[in-house]
1. If R₀ is 22 angstrom, what is the calculated FRET efficiency for the pair residue 72 and residue 92, using the beta carbon separation as r and rounding to 0.05?
2. Report the extension gain between residue 85 and residue 62 in nm, rounded to one decimal, defined as 0.36 nm multiplied by the number of residues separating them, less their alpha carbon distance.
3. Residues in region 39-64 near a label at residue 23, defined as backbone nitrogen under 18 Å from the 7 Å Cα→Cβ point?
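Read-outs: derived from the displayed coordinates by stated rules, not from any lab. Because the structure is a prediction, the values reported are computed rather than measured. Ideal geometry is used to build each Cβ from the backbone, glycine not excepted, and the neighbour counts take in all protein chains shown.
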């Protein structure tokens, strides 16, 4: 429990996605997550190291508080997991959709 007198403290939830790059390449769902969704989580760091794909949730002092195996999850399930754990989700406009908008202009 936190007690604050003059200021409001916002606790930013952070996490790391840990995986061996070879495991990501052989798992289409997780490769899709890393390629398309991971960038929408500003406090999610992708680290390539040995082992099966997992997410390490960090506490206020940047120590691991929880480790979740994501090797059997779909990309959408990983997104939901991160959101329910309180990670900030900020979808970014992709270059492709911006080009599509321009491409639909009538001449």
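1. Working: r = 27 Å, r/R0 = 1.23.
Using R0 = 22 Å, I get an efficiency of 0.20.
2. Working: separation 23, 0.36 × 23 = 8.28 nm, distance 1.52 nm.
That pair, residue 85 and residue 62, stretches by 6.8 nm at full extension.
3. Residues 45-58, 64 fall inside that zone.
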